[in-house]
Ligand code: NAD
């Protein structure tokens, strides 16, 4: 987590956003109490044998927020900074995200406190297999389906799928999504989050009458979401002027070639010192002159301290929780259109849903069919949120939250309180 946001608590922020929408919806206090509290929080302490023979105990979490619309769904992140409150916030956002795009899942998230960059592949595999075993008491293809998130990838998903399957005695691909294609992964899943970001940004650009061709784009984070988004925006004819990772930011007002930057990052481990670009400090990526800003790294980076200096006309949130409620107010006031995380990055969970359906049916679709189905869902969700924002004259985050929370509240209400 960045130094200036070390006091930042994502769960407090998620609850604050929830309360704003709940108030506007007129939800009862009883319903608010149900929806602001996660259904399950599991903490596990897992001993892992390191390559040097020592044993280190790691702490991990799995949180399920609300499962009234379907099984819980959400990624697993590996990070030295992950906390239970962060995972609770991310699980809540997953409930709203699945509801806003209308896919039949509830919200979950997981995390392990570790630094994968300092671990060997063998250590990571043992950590993953032990974590998968410990959380298997609540995870399963019909109860809770993990996926990749920060610092986890298809290989990690393959280890989780294999571990779960070993315990059951036969292959159960539907227990995780974001797997490699060879074991039941889906075409298009790797690019899905970035593709969804592009679809809704196109819609937003059209809404404000801004041509995408030639638009200047700045992207924070150069991993699965940000790295692929850079390539897609570049292919769309946009000018990618700034890219960043945890080490810093590179900027060139004439535009950067994302494929060349990716090669550079693969060789050097960072985007920094890319030839033909100026090096800036990590957070400066948020303030460079641009038309579209895509935060695609971590939470709490656009705050009341820097929102006034954001120059973009559209902020498309590939990351979860990048903008604080105070920053939201500042951006809305100055006419910046923020496409909220639960809508902007929902392409990932939507294609995860396609992967799960394909695994359950053992019947697989082609990439054209997947991209086309994704576009229909993303466009429909964008239009519904935009309509809600016009109706209430509010920002798109409040509109998206209202739409989503009303759907989850309705499912919770109609199922009733057991017993
Ligand atoms: P990733 O691990 O592939 O990439 C993360 C990137 O962010 C890396 O380039 C890293 O260097 C950079 N980064 C980390 N800390 C940073 C900092 N403080 N400042 C600047 N850059 C920093 O992770 P990802 O899967 O791309 O996820 C990124 C964000 O997108 C997260 O918020 C995640 O929850 C969200 N998201 C991802 C998916 C998905 O399918 N991968 C789906 C929905 C949302």
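Quick note: the coordinates plus some simple rules give every number you see, no bench work behind them. Just so you know, these numbers come straight off a predicted model, no measurement behind them. A quick note on method: Cβ atoms are made from the backbone with ideal geometry, for glycine too, and the neighbour counts reach across all protein chains shown.
Per-structure values
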item	result
Region 320-346-region 218-244 distance, computed between alpha-carbon centres (Å)	19 Å
Kirkwood-type radius of region 86-192, with distances r between different C-alpha atoms, in Å	14.5 Å
Cα-based equivalent ellipsoid, region 12-84: semi-axes from gyration tensor eigenvalues, Å	35, 13, 10
Cα-based convex hull volume of region 308-396 per residue, rounded to whole Å³	108 Å³
Packing-based order for 102-110, 356-364, using average beta carbon neighbours within 10 Å, highest first	102-110, 356-364
Region 91-109 and region 1-68: distance between their alpha carbon centers, rounded to Å	14 Å
85, 30, 162 arranged by Cβ crowding within 10 Å, fewest neighbours leading	30, 85, 162
Antiparallel bridge percentage (DSSP; both residues within the chain; nearest 5)	50 percent
Stretchable slack from residue 155 to residue 167, in nm (0.36 nm times residue separation minus alpha-carbon distance)	2.4 nm
Segment residue 311-residue 45, extension gain: residue separation times 0.36 nm, minus the distance between their alpha carbons	91.4 nm
Of every Cα-Cα pair in region 202-360, the percent that sits beyond 25 Å	28 percent
Reference-scaled alpha-carbon Rg (2.2 N^0.38 Å with N residues) for region 306-356	1.33
Candidates 225, 327, 318, ranked by Gaussian network fluctuation over the chain, Cα under 10 Å, top entry	327
Kirkwood Rh and Cα Rg combined as Rg/Rh, region 115-154	1.01
Viscosity 1.002 mPa s, 20 °C: Kirkwood-radius Stokes-Einstein D of region 200-287 over Cα pairs, µm²/s	165 µm²/s
Gained length - residue 387 relative to residue 29, 0.36 nm times residue gap less alpha-carbon distance	126.2 nm
Length-normalised contact order of region 297-419 in % [C-alpha pairs under 8 Å, at least 6 apart]	20 percent
Convex hull per residue volume in Å³, alpha carbons only, for region 1-135	125 Å³
Ellipticity estimate at 222 nm from DSSP helix runs (n ≥ 4, -39,500 (n - 2.57)) divided over the chain, nearest 500	-14500 deg cm²/dmol
Region 122-210: relative contact order in percent, alpha carbon pairs under 8 Å with at least 6 residues between	24 percent
4 °C / 1.567 mPa s Stokes-Einstein diffusion coefficient of the chain, Kirkwood radius on C-alpha pairs, µm²/s	60 µm²/s
Cβ crowding within 10 Å averaged over residues, with 123-130, 267-274 ranked highest first	123-130, 267-274
